[in-house]
1. If amide hydrogens are placed 1.01 Å from N in the peptide plane, which non-local residues have theirs closer than 5 Å to the one on residue 278?
2. Once amide H atoms are built 1.01 Å from N in the peptide plane, which residues 5 or more positions from residue 71, or in another chain, come under 5 Å H to H?
3. Where the convex hull is taken over the Cα atoms of the chain, what is its projected area averaged over directions, in nm²?
4. From the phi angles alone, apply the Karplus equation (6.51, -1.76, 1.60; θ = phi - 60°) to region 203-211 and give each ³J(HN,Hα) in whole Hz, x where the residue is Gly or Pro.
5. What ranking, highest mean first, results for peptides 335-343, 184-192 when packing means the other Cβ atoms within 10 Å averaged over each residue?
6. Considering only C-alpha atoms, what is the centroid distance from region 322-352 to region 87-138, in Å?
7. Bin all alpha-carbon pair distances of region 220-362 at 5 Å intervals from 0 and give each bin's fraction as a whole percent.
8. Working out 0.36 nm times the residue gap between residue 248 and residue 5, then minus their Cα-Cα distance, what length gain in nm do you get to one decimal?
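Values quoted throughout were computed directly from the atomic coordinates according to the rules given, and no laboratory measurement underlies them. Note that the structure is a prediction, hence the values are computed from the model and not measured. Please note: Cβ atoms are built from the backbone with ideal geometry, for glycine as well, and neighbour counts cover all protein chains shown.
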Amino acid sequence: MSSYFNGVVVRSAGARPAVEELRLPEIGPGQVRVRIHAAGVCHSDLSMSNGTVRSPYPLVVGHEAAGEVVEAGEHVTRAAVGDHVVLNWQPPCRECWFCDNGEPWLCATSSGVAALENGVTLDDAPVHVSLGLGAFADYVVAPANAVIRVPSELPYEKAALLGCGVLTGTGAVRNTARVAPGESVVVIGLGGVGLSVVAAARAAGASAVIAVDVSEAKQGLAEAAGATDFVVSSEALSKEIRVRTSGRGADHAIECVGRATTIRAAWRATRRGGKVTVVGMGSNDDLVQLSALDIFSSSRTLRSSVYGAADFDTEVPRLAADVLAGTLSIDHLISDRITLADVPDAFDRMARGEGARSVVHL
Ligand SMILES: [Zn+2]
Ligand SMILES: [Zn+2]
């Protein structure tokens, strides 16, 4: 066993996370140890912390991260000591039917892994790492296919965001919704993912990008990301959208919250034949009601976009190149730079719907 380091641990569903000392096992063949340098606070971390998404505890949270490889096990060829890497919380096996079929984001072996047991706490109790990573910590030990190399010129805080929010948001627009120039797009929920969706929709040539949030305070962030319109969510949302889309409703609605009410709002915001893309991860007992007649007569499409429906290994390096070339701006996504000890406060801000991404610097 290696020596102790710090990580943010949740002891039980809804308990306040706290920095604890942790120890990880020695790396085995095919594994790497990564010194984490930056990690973004994503909504799924909050969901696993408060029990919206069921997890075993104690749990080290954090999964949107970048760092430096400090140790590489036998047979590891993807990355070497000293490489800067972005972490993948759903590394594909490259052997199953889905991977062979060009859908590695739906990999049969890695999908649905909420947490793995890895390492121990100071009192020698086994600890779980969220999404196989547990990245709000100084170190992560992961299989080598959970890392992808990025250029060392890319700042760690930007690299971190590529690993979840930016890949998910841009992928939802490019790969799932396939927004075309001139189309109108409604984006519901303006956290890190929603703001990435706004920017990607604008970059795809959407004529209208209507950003929607419950908080009026998000207007500035939405406009910085490229929204053409901002609407505070209310009962009258579908009317407000129709006013802005020649009375028809939008071509696309992209839901970045993961709740039945906002999925229904997205459904109603689109035109006949429109496309609804669900990006938010919701809970198992939150049921979306749609009438059978409405499903038929509206001719809408309802799809989800998992992890941007993207091949992480090719798209993350591409996004990194875009950021370095200045063709993809993600600076506006970072609203707070924090330490591990500030993660609970960042969760509170997120729960109140404030700000964009908080990024932990380690
Ligand atoms: Zn995430
Ligand atoms: Zn697979």
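1. So residue 278 has HN proximity to 255, 303, 304, 305.
2. The answer is 33.
3. 17.1 nm²
4. 5, 6, x, 4, 7, 10, 10, 9, 8
5. Values: 335-343: 16.7, 184-192: 29.2.
Listed from highest to lowest mean packing, they are 184-192, 335-343.
6. One Cα centre to the other: 23 Å.
7. For region 220-362, the binned pair fractions read 2, 8, 12, 16, 19, 17, 13, 8, 3, 1, 0 percent.
8. Contour length minus the Cα-Cα distance gives 81.9 nm.
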